Amino acid sequence: MSTEEEAVRRRMTLADYRKKLYLATRRKLGFVLEQRQRITYGFTEEATALLKWKATFQNQNNTLLASWKLSPVGSKNSSSVGAKGSDACRGWYGVTCLNGRVNRLNITNASVVGTLYEFPFSSLPFLEYVDLSVNQLSGTIPPEIGKLTNLVYLDLSINQISGTIPPQIGSLRKLKTLHIVDNQLNGSIPAEIGNL
């Protein structure tokens, strides 16, 4: 501590010093709690969206995805206030979080029987990696896929996806890897993919 700081501190009454210390601590603690609440809210909202998608699966007895559930407050896998950002989704098979937000979804070969119609595209804004390969996904690729603007990796290969490739895939500017082989896709490759 410098002599100048020491002189200021001596002039300060004990009550003033305690008040200043209290306010500084409160500000820091408030910031930390606010960040945890944001992290928790973000994951809880995203988890709820993933659970709604899972509810549309034809095989509800999928044991690999049995871990997809909101944990009660205070439990080991709790997604409540107090869960660390990187641990907010720990225990969810194939789901990885970064700073409390769903960042990766890798449920390759997880025996998922369903579609992408109810996939929560707009509820997962921080998603960078999606691997849904080697499942039994059918139907078309919805145009809402264009809402995954942070997506870098997308693998939908070896499913039963049909229809055409939506041009909205071309709006995924960060996309580096796209695997869609071994499906029942038809039509031409959209020109918008050239924007990637």
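Nothing in this text is a laboratory measurement; each read-out follows from the coordinates by a stated rule. On a predicted model such as this, the values are computed, not experimentally measured, just so you know. Using ideal geometry, Cβ is built from the backbone for each residue, glycine included, and neighbour counts are taken over all protein chains shown.
Results, tabulated for the structure shown:
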| quantity | calculated |
| --- | --- |
| In sequence order, calculated HN-Hα J values of the range 149-160 (Karplus, 6.51, -1.76, 1.60; Hz; x Gly/Pro) | 5, 9, 5, 10, 9, 9, 10, 10, 5, 6, 9, 10 |
| Karplus-derived HN-Hα couplings along the range 47-57 (A = 6.51, B = -1.76, C = 1.60, θ = phi - 60°), whole Hz, x at Gly and Pro | 5, 4, 5, 5, 5, 5, 5, 4, 5, 8, 5 |
| Cβ crowding within 10 Å averaged over residues, with 162-168, 186-192 ranked highest first | 162-168, 186-192 |
| For LEU98, distant residues with modelled amide H under 5 Å away | ASN103 |
